[in-house]
Amino acid sequence: MVFIALLAMLFVILIAAEIFTNALEHLGEKLGISEGVTGSLFAAIGTALPETMVPLLAIFSYTEQAGNANVGHEIGVGTIIGAPLMLSTLSISLMALAVWRRRGWFGHLRPERTGLIRDLNFFLGAFTLATVSMFVPHSFPSVRYGISFVMVLIYFIYVLMTINASKVLVHDGHGTEAESDLFLSKFGFPNNMLLIILQLLLGLVLLVYGAKGFINEVEDAAKIIGISTLLLSLLVIPIATELPEKINSILWIRKGKDTLAFGNITGAMVFQGTLLPAIGILLTPWQAQTEVVLGLVATLIATIWLRIRIAKGGLLVWHLFVNCLIYLAYLLIVLY
């Protein structure tokens, strides 16, 4: 029964992702903004809501229960670290898998280069700070709070730079273009901003509902399988919470919208590599544990690999499969 419910929630997420991405394309076209802003900011923040809520709910709800604060902290830290790990490895690889038959092993992936480099640079800087902060003793709270503040500031600067770059990118042919009619307009409604916002909200509500339902069923499945709370948070819950990003990006890259596909993932990485770790530093012990540190290292290695490949001329389909190998290596180490 648990696994039937999992499939049902997955179906909800698939439908929601189609509704959400369709509305986002029309919103970006109406506003005359670049694909970078649409993917890295609008789509990334919108689809990051499920994985943002999970650690917050875990930290606050478990803290209110006597004796369960440690459980809440483990779930919070695990999901905060697990989300970027999943995005930088498995999600990136799934995009390659989606176009492998069509483009081949040595096929080119052509996201807009400057935006992708900006995303990866900001993420690497912020996530390195998050890693360093785990080794700062709790006897230096001002240092930990200072790092948290800097990480929030990093995201604010990132948003400003991404928006400022939009006009030039639109002029260079990277403006957001809707490929098909707005779904709600097919029912006879006029295609205007109000209808686009309504469809966005509908898609977002379904995404959150589907991801939350999937999380609940995954937790039950994990109990049946029998794994620790921390590993559940690092490995299992992010699979559910990252489904919106994975599916949106797969839909976009299959349509040849590489900039939107990559921006959706790398923009979410920046969001989750700055604001969520900042929350973790403030509200949890945020200390080094083997599984957590290995997850941080795997995430940084996967991201550095992408950054190196871009610097050397561009991305090929096979490059992204390396990120999957990094994830599998992490699994083997923490499970065995």
inquiry  = List residues of the range 301-327, by number, whose backbone nitrogen lies under 19 Å from a label position 7 Å along Cα→C-beta of R101.
reply    = 317-318, 321
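For the range 246-336, compute Rg over Rh where Rg is the Cα radius of gyration and Rh is the Kirkwood radius from the inverse mean 1/r over Cα pairs.
With Rh from the inverse mean 1/r over Cα pairs, Rg/Rh is 1.01.
With a 10 Å radius around each residue's Cβ, average the other Cβ atoms per peptide and rank 250-260, 107-117, 272-282, 130-140, highest first. Write down the numbers at each step before the final one.
On the way: 250-260: 21.1, 107-117: 18.5, 272-282: 24.1, 130-140: 14.4.
Per-residue Cβ counts within 10 Å, averaged per peptide and sorted highest first, yield 272-282, 250-260, 107-117, 130-140.
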query = Taking a 24 Å limit on the Cα-Cα distance, which of the listed pairs K30/K186; K186/K255; K30/K312 fall beyond it?
reply = K30/K312
inquiry  = Between the range 80-134 and the range 293-307, what is the separation of their alpha carbon centroids in Å?
reply    = 10 Å
ask   = How far apart, in nm, are the 7 Å Cα→Cβ label points at E29 and M193?
value = 1.8 nm
ask   = Applying the Karplus parametrisation 6.51 cos²θ - 1.76 cosθ + 1.60 with θ = phi - 60° to the phi angles of the range 320-333, what ³J(HN,Hα) value in whole Hz is obtained for each residue in order, glycine and proline being reported as x?
value = 6, 5, 4, 4, 5, 5, 4, 5, 5, 4, 4, 4, 4, 5
query = Which FRET efficiency value, to the nearest 0.05, do you get for N164 and L201 by plugging their Cβ-Cβ distance into 1/(1 + (r/R0)^6) with R0 = 22 Å?
reply = 0.20
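Please arrange M9, M86 by how many other C-beta atoms lie within 10 Å of their C-beta, fewest to most. Intermediate results must be reported in sequence, preceding the final value.
Numbers: M9 22, M86 29.
In order of increasing Cβ crowding within 10 Å: M9, M86.
Only the coordinates and a few stated rules stand behind these numbers; no lab work does. Keep in mind that this is a model prediction, so the values were computed, not measured. Methodologically, a virtual Cβ is constructed for each residue, glycine included, from the backbone with ideal geometry; neighbour enumeration extends over all protein chains shown.
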